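Report on the structure given below.
The values are calculated or read from the model by the stated rules, or taken from the named source; none is laboratory data. None of these values were measured; they are calculated from a predicted model. Cβ: placed from backbone, ideal geometry, glycine included. Neighbour counts: every protein chain shown.
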Amino acid sequence: MIPAGSLLHAVALHKAYGRTPALDGADFSLHPGEVVAVMGPSGSGKSTLLHCLAGIIAPDSGTVRYGDRELTAMSDAERSALRRADFGFVFQFGQLVPELTALENVALPLRLNGTRRRDAERQAREWLERLEVDTVADRRPGEVSGGQGQRVAVARALAGRPRVVFADEPTGALDSLNGERVMSLLTDAARDTRAAVVLVTHEARVAAYSDREVVVRDGIAREGVAAV
Amino acid sequence: MSIGHTLLGLLESGPRHGYDLKRAFDEHFGHDRPLHYGQVYSTMSRLLKNGLVEVDAVEAGAGPERKRYAITDAGVTDVAQWLARAEKPEPYLQSTLYTKVVLALMTRRDAAELLDTQRTEHLRLMRGLTERKRTGDLADQLICDHALFHLEADLRWLELTAARLDKLAEAVRA
């Protein structure tokens with residue numbers, strides 16, 4: 001049964017890479033506007049869970065529903081269109097297009113969704129200001145620091161006004177001060193725009209920016225247990 | 001925390017009344033636990049007895065007399081020695097959590113669930129501290145960071161223990 005008001009809901013996800021199981025019956029649900037941390041040791045299946053939830057990979061079995069649509073029954077093209085329209089992504093590194101400036105990178109998802117260049121660039125500049133990196137608007141990813149690059153990536157993820165942001169170890173390559181600033185800006189901006197966030201992290205201090213946590217162990221996801 | 005040394009340190013910048021000392025202490029160090037007046041006055045009597053402070057002035061008023069305290073040379077030396085001395089790191093060996101995990105395994109209860117419950121509780125506290133950091137000033141941020149790093153260390157231990165539960169079960173049941 002789908003929990004009332006759930007935006008994204010996965011049931012009994014199984015996924016194996018060759019003979020190695022990554023997900024072994026994982027369940028997950030996400031409500032609009034909430035920030036959920038997906039935690040667990042390396043190799044527990046947490047990134048695979050995120051990729052299945054976001055429709056990047058298809059599970060071997062199980063279902064993922066987004067609103068009233070079933071991701072697992074969509075074609076690749078339909079899932080791709082859904083990701084562009086409704087989802088935003090922040091990864092550990094490497095997601096910015098190296099040939100484009102920070103401004104062009106942030107404007108890219110808006111342009112792909114049909115926004116006119118001038119409007120896309122105006123909105124992109126506002127997002128860069130919001131993420132405190134408007135000073136590097138005209139620089140390419142190779143010319144900015146790791147912390148600045150990650151803020152540009154957050155700006156890009158949020159610029160298309162997604163309903164869900166998928167963040168996979170977004171602070172993994174940053175020092176603690178930069179990591180915390182990125183988390184603070186990401187979660188503030190997501191809450192303001194009512195975007196839900198699925199945050200994969202193995203760092204407790206990063207998970208502390210979430211509303212609740214789900215722990216993945218041996219391919220099974222467990223909700224945080226309330227203390228008695 | 002040594003309240004005596006902290007009050008002495010506050011007196012180094014100039015003489016203060018007991019009430020001012022309490023206010024300065026609470027402002028800088030007493031976010032969660034403000035000092036009681038009783039603690040201030042009992043600490044000052046001890047410091048007075050040990051010659052680390054002296055009464056600099058007494059003001060008579062409608063209520064009880066107000067003493068103003070000043071630090072002595074011996075007091076300044078004492079603060080300097082305290083600041084220069086390394087604190088003893090506490091390794092927390094044989095912590096309650098470790099005991100609970102071992103006992104759960106020995107009595108064949110679910111130790112993994114115990115660790116999950118503890119993780120949730122640690123994260124709940126960490127969320128509160130993170131929120132306080134977001135809204136607080138720099139002093140708040142530093143105090144919360146200190147607590148957060150310690151809680152994070154506990155959590156790393158929890159994860160490591162969770163990963164080694166099978167081996168630990170074998171060891172304690174042998």
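Matching residues to (1) more than 14 Å from chain B (Cβ to nearest Cβ); (2) more than 16 Å from B:T130 (Cβ to Cβ); (3) out of contact with any helix residue (DSSP H, G or I) (no Cβ under 6 Å at 6 or more places or on another chain):
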residue: A:F166; (1), (2), (3): yes, yes, no
residue: A:P170; (1), (2), (3): yes, no, yes
residue: A:L174; (1), (2), (3): yes, yes, no
residue: A:D188; (1), (2), (3): no, no, yes
residue: A:T193; (1), (2), (3): yes, yes, yes
residue: A:A196; (1), (2), (3): yes, yes, yes
residue: A:V200; (1), (2), (3): yes, yes, no
residue: A:A204; (1), (2), (3): no, no, no
residue: A:E213; (1), (2), (3): no, no, no
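Applying the criterion of being within 14 Å of chain B (Cβ to nearest Cβ) and under 20 Å from A:R212 (Cα atoms) to the residues of the range A:43-59, the residue that is surrounded by the fewest Cβ atoms within 10 Å (Cβ to Cβ) is A:S44.
Number of residues in the range B:121-136 that are at pLDDT below 90 and farther than 17 Å from A:G179 by Cα: the value is 2.
Test A:G62 against the stated conditions and say whether it is touching a Leu at 6+ places or on another chain (Cβ under 6 Å), away from every other protein chain (no Cβ under 14 Å) and either assigned to a helix (DSSP H, G or I) or under 16 Å from A:V214 (Cβ atoms) (or both). It is true that A:G62 is touching a Leu at 6+ places or on another chain (Cβ under 6 Å), away from every other protein chain (no Cβ under 14 Å) and either assigned to a helix (DSSP H, G or I) or under 16 Å from A:V214 (Cβ atoms) (or both).
Every residue, every condition in (1) among the polar types (S, T, N, Q); (2) at pLDDT 90 or above; (3) buried (at least 23 other Cβ atoms within 10 Å of the Cβ), yes or no:
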site: A:M1; (1), (2), (3): no, no, no
site: A:H9; (1), (2), (3): no, yes, no
site: A:H14; (1), (2), (3): no, yes, no
site: A:A22; (1), (2), (3): no, yes, yes
site: A:D27; (1), (2), (3): no, yes, no
site: A:E34; (1), (2), (3): no, yes, no
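May I ask you to verify whether A:D138 is at pLDDT below 95 and either over 30 Å from A:H9 (Cβ atoms) or part of a helix (DSSP H, G or I) (or both)? No. Of the helices (runs of 4 or more DSSP H) lying entirely inside the range B:3-58, the ones with 3 or more residues being in the same structural domain as B:D73 (by TED's automatic domain parsing), over 27 Å from B:L138 (Cα atoms) and within 21 Å of the chain's Cα centre (by Cα) are found at B:37-49. When the range A:38-96 is filtered for residues that are of a type in the set (S, T, Y) and at pLDDT below 90, the ones remaining, listed by number, are A:S42, A:S44, A:T72. In the range A:174-188, of all residues being touching a strand residue (DSSP E or B) at 6+ places or on another chain (Cβ under 9 Å) and not hydroxyl-bearing (S, T, Y), the one that is surrounded by the fewest Cβ atoms within 10 Å (Cβ to Cβ) corresponds to A:V182.
Where helices (runs of 4 or more DSSP H) sit wholly within the range B:89-174, those with at least 3 residues that are within 12 Å of chain A (Cβ to nearest Cβ) occupy B:111-135, B:138-163.
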